[in-house]
Amino acid sequence: MLSRKNKLLLFKLLSLFSVVRGYNILIITLAQYLTSIYILSPDLPLREVVFDFNLFLIVTASALVIASGYIINNFYDAEKDLINKPTKSMLDRLVSQRFKLTTYFILNFLAVFAASYISFRAVFFFSAYIFGIWIYSHKLKRIPFLGNLVSATLAIAPFFVVFVYYRNFETVIFVHAVFLFLLILARELIKDLENMAGDMAQNYKTVPILYGTKVSKGIIGFLIFLTLVPALLLIQVFDVGYMYLYFWICIGLLTLFIILLAKASGKKHYVWLHNILKFIIVGGVFSILLIDVDLVLNRIL
């Protein structure tokens, strides 16, 4: 059996994993690699992409900055999370605020250090990314809708840097990006509905607090409707292999989402809606493999 000291250390490690949302970082890392292999550089050999040291450094720097971003966000939202996420908040508090800040600076330093091996432009990008996350957590997230826009933009930044690295400017990639951006923006607004109690207590001026849930739901519904446009384009206009099945499923789920959104009236409903969007986003990562099933089978076999 573990000693009391070892149990405490284990809980602190779990706490730190919870703070940096390690599961999200793993999904983003996988998404960056799958996007690089199947969307941005489909003609390059698998080995050349997977063992590309510069890509590895880009993905590593992205993971470090995202982890530090979750830490600084957790630091500023500590009081609000006690109301909105009491169970998670109690686990997160096993690690002191001082330790969190120390880890935040170490992770950012390591990210910039990794970027320095790529190029000066990479250093500039990741430095700007770090600053963007900090200014969002400190100031911008309190500004209605602008905070949501900035958050969604920061969320797709790791894919933007990989896109620039491969210099692939095909239209289909922009349509994929618009689809993802609209989903993330709608999810950010759903989170505002979900977290109204804590936001009101901490005097956050979010869209539902300033303009009411009806207006907020209307904006979310409009964003989901817009999301159907790139989904249909990717099915009808562009060659996305068997991934078209994923987009048909998305259209069905998003239609259900709009119906449930109209009926939603409490936090439990908003949590369900949030989970639907999260399922679509995570499912999209694994569905990238459907773009070229033969390529997947050949590479496995």
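Has the stretch 204-216 got any residue that is touching a Leu at 6+ places or on another chain (Cβ under 8 Å), of a type in the set (K, R) and either surrounded by fewer than 23 Cβ atoms within 10 Å (Cβ to Cβ) or not assigned by TED's automatic domain parsing to the domain that holds A152 (or both)?
no
Got a sec? Which of L185, L210, L232, L193 is closer than 30 Å to A111 by Cβ and part of a helix (DSSP H, G or I)?
Answer to the selection: L185.
Residues are listed down the side, and each one gets a yes or a no for (1) assigned to a helix (DSSP H, G or I); (2) within 15 Å of the chain's Cα centre (by Cα); (3) at pLDDT below 90:
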site	(1), (2), (3)
I27	yes, yes, no
T35	yes, yes, yes
Y38	yes, no, yes
D43	no, no, yes
N54	yes, no, no
T103	yes, no, yes
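This table checks each residue for (1) surrounded by 20 or more Cβ atoms within 10 Å (Cβ to Cβ); (2) in contact (Cβ under 8 Å) with a residue 24 or more places away in the chain.
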position	(1), (2)
L16	no, yes
V19	yes, yes
F51	no, no
L64	yes, yes
A67	yes, yes
Y70	yes, yes
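With E188, E194 as the choices, which residue is touching a helix residue (DSSP H, G or I) at 6+ places or on another chain (Cβ under 7 Å), at pLDDT below 90 and not assigned by TED's automatic domain parsing to the domain that holds P45?
E194
I need the full set of residues from the stretch 197-207 which are outside any loop (DSSP other than H, G, I, E, B) and in contact (Cβ under 8 Å) with a residue 12 or more places away in the chain, in order please.
Those that are outside any loop (DSSP other than H, G, I, E, B) and in contact (Cβ under 8 Å) with a residue 12 or more places away in the chain: A197, G198, D199, A201, V207.
Go through the stretch 65-92 and give me each residue that's modelled with pLDDT of 85 or more and either of a type in the set (S, T, Y) or within 20 Å of A197 (Cβ to Cβ) (or both).
Answer for the stretch 65-92, where residues must be modelled with pLDDT of 85 or more and either of a type in the set (S, T, Y) or within 20 Å of A197 (Cβ to Cβ) (or both): S68, Y70, N73.
Of the residues in the stretch 158-185, how many are under 21 Å from C250 (Cβ atoms), crowded, with 18+ Cβ neighbours inside 10 Å and of a type in the set (F, W, Y)?
Summing the residues that are under 21 Å from C250 (Cβ atoms), crowded, with 18+ Cβ neighbours inside 10 Å and of a type in the set (F, W, Y) in the stretch 158-185 gives 3.
Considering only residues that are touching a residue at least 60 places away in the same chain (Cβ under 8 Å), assigned to a helix (DSSP H, G or I) and farther than 22 Å from L55 by Cβ, which ones fall in the stretch 137-166?
S137, H138, K141, R142
Please work out which one of (1) outside any helix (DSSP H, G or I); (2) touching a Lys or Arg at 6+ places or on another chain (Cβ under 9 Å); (3) not β-branched (V, I, T) is the condition S265 fails and give its number.
For S265, the exception is condition (2).
The values are calculated or read from the model by the stated rules, or taken from the named source; none is laboratory data. Remember, it's a predicted structure, so these values are computed and weren't measured experimentally. No Cβ is skipped: glycine too gets one built from the backbone with ideal geometry, and neighbour counts run over all protein chains shown.
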